[in-house]
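Here's the structure, in structure tokens; my notes come after.
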Amino acid sequence: MSAMDTDHEELSVVLSSTTTSGLSIALHPLPILNISEHFIRLKLEKQTHLPFTLGALLGTQNGREVEIVNTFELALEDDGEAIDHSFLVNRRDQYKQVFPSLEFIGWYTVAPNPTSRHIELHSQFTGYCSTPLLLILQPTANLIGSVDGTSQNLPFKAYEQTIEIKDRTSRSVFVEASYTVETGEAERIAVDWTAKGGGSGTSLESHLQTQRAAVKMLHDRILVLIQYVTSVIAAEAPTDHGILRAISALLASLPASENKTFREEFNTESEDVQLTALLASLTKSTSILNDLVDKHSLLTTSREDRFGAGGGAARRTRLQMGSARIGDWH
């Protein structure tokens, strides 16, 4: 057992907690949101528990004071073993044109703990920054809240690379660096707006979004139950009588939805809704037709006034003037 523990210590690429970095890191909310969104999106797309997530950190550094302001995603090549450097340079230059003060200061990933693979990837970023940082999102970490609002209440850890000399040999390792979350007034407003669902933020929209999320969660869980029962019937999964009894009890507790009374009530409500929609459509069509009739009547009346009674009086006046001129000649 002690040999196994020794091997584990030798494979560890993180120094003990007694050794800390002297960096002063300020983490803004935007990188936290970007990294979380990147991880969740890949998790849903690839249907894996812990997809490999990789991105770059942008910010400023003044001596030992580092500020992480923004992030962008990175691409891999050579079957995920190397960084796509052309993509990194293009994206960095694009951000540089919009935010001249931001520099490449490190990279981020998602993992329970740093490994030797992270050491290899970390060495590929030294050409863009002399001392790049590593920010790791640990989705499975047990969070311990802190009163002062420091980094201990977020599943993020920051690391700085250093050299460990042990038994006359040296190797690259990581040392953990503490950080604090720093927010400006504009960031607080944006985070509050995002937390409320964005958009107009009305109570109706929030209610509908909550209902949609609940229905989607229920649908996903029903699909899991259906998949399990199907696998048991096909002898692809072991039979667990406890789970089957729980599913049977759940089905028995549901209200009957195929009896005659329910079907009649459902059809009545469905017809009422469709009738209401039809009446609204008819009301709108009637209003449009009424406007069209009013415009047609106004146009017809104007033409009659122009060429009707007014036109006849003008002709009579011209005829009388012509007769008077003829009488003068006589």
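For G80, work out the one condition from (1) open to solvent by 10 Å² or more (accessible area, probe 1.4 Å); (2) at negative phi; (3) more than 23 Å from the chain's Cα centre (by Cα) it doesn't fulfil.
Just one mismatch for G80, condition (2).
Counting only residues that are more than 22 Å from S178 (Cα to Cα) and either out of contact with any Ser or Thr (no Cβ under 9 Å at 6 or more places or on another chain) or assigned to a loop (DSSP other than H, G, I, E, B) (or both), which one in the stretch 54-76 is least open to solvent (accessible area, probe 1.4 Å)?
Restricting attention to the stretch 54-76, the residues satisfying the condition of being more than 22 Å from S178 (Cα to Cα) are 72-76.
Retained after the next criterion (residues that are either out of contact with any Ser or Thr (no Cβ under 9 Å at 6 or more places or on another chain) or assigned to a loop (DSSP other than H, G, I, E, B) (or both)): 72, 74-76.
On the way: F72: 6, L74: 23, A75: 31, L76: 61 Å².
Applying the filter and picking the extreme gives F72.
Quick check on Q161: is it modelled with pLDDT under 85 and surrounded by 11 or more Cβ atoms within 10 Å (Cβ to Cβ)? Break it down into steps so the answer makes sense when it comes.
On the way: modelled with pLDDT under 85: no; surrounded by 11 or more Cβ atoms within 10 Å (Cβ to Cβ): yes.
For Q161, the condition - modelled with pLDDT under 85 and surrounded by 11 or more Cβ atoms within 10 Å (Cβ to Cβ) - is not met.
Out of L254, L244, report the one residue that is touching a residue at least 12 places away in the same chain (Cβ under 8 Å) and under 19 Å from I222 (Cβ atoms).
Working: L254 fails: touching a residue at least 12 places away in the same chain (Cβ under 8 Å).
Testing whether each residue is touching a residue at least 12 places away in the same chain (Cβ under 8 Å) and under 19 Å from I222 (Cβ atoms) leaves just L244.
For the stretch 35-67, what are the residues that are over 17 Å from Q138 (Cα atoms), in contact (Cβ under 8 Å) with a residue 24 or more places away in the chain and out of contact with any helix residue (DSSP H, G or I) (no Cβ under 9 Å at 6 or more places or on another chain)?
Correct list: T60, Q61, R64, E65, V66, E67.
Can you tell which of K260, K216, K284 is closer than 30 Å to V191 by Cα, out of contact with any Cys (no Cβ under 7 Å at 6 or more places or on another chain) and not acidic (D, E)?
On the way: K260 fails: closer than 30 Å to V191 by Cα; K284 fails: closer than 30 Å to V191 by Cα.
On inspection, the qualifying residue turns out to be K216.
Just give me the residues in the stretch 251-262 being open to solvent by 90 Å² or more (accessible area, probe 1.4 Å) and in a helix (DSSP H, G or I), in sequence order. Steps first, answer last, please.
First, the residues of the stretch 251-262 that are open to solvent by 90 Å² or more (accessible area, probe 1.4 Å): 251, 254-255, 258, 260-261.
Passing the criteria: L251, K260, T261.
I need the full set of residues from the stretch 227-249 which are open to solvent by less than 90 Å² (accessible area, probe 1.4 Å) and part of a helix (DSSP H, G or I), in order please.
Restricting attention to the stretch 227-249, the residues satisfying the condition of being open to solvent by less than 90 Å² (accessible area, probe 1.4 Å) are 228-232, 234-235, 237, 239-240, 242-244, 246-249.
Once the filter is applied, which keeps residues that are open to solvent by less than 90 Å² (accessible area, probe 1.4 Å) and part of a helix (DSSP H, G or I), the stretch 227-249 yields Y228, V229, T230, S231, V232, G242, I243, L244, A246, I247, S248, A249.
Scan the stretch 17-47 residue by residue and report those that are open to solvent by 60 Å² or more (accessible area, probe 1.4 Å) and over 15 Å from A158 (Cα atoms).
T18, L30, L33, E37, I40, R41, K43, L44, E45, K46, Q47
The values are calculated or read from the model by the stated rules, or taken from the named source; none is laboratory data. Model, not experiment: these values are computed from the prediction. Note that we place each Cβ from the backbone using ideal geometry, even for glycine, and neighbour counts take in every protein chain shown. These area figures cover heavy atoms from the full protein model, side chains too; ligands, DNA and RNA do not enter into them. Shrake-Rupley method; radii C 1.70, N 1.55, O 1.52, S 1.80 Å.
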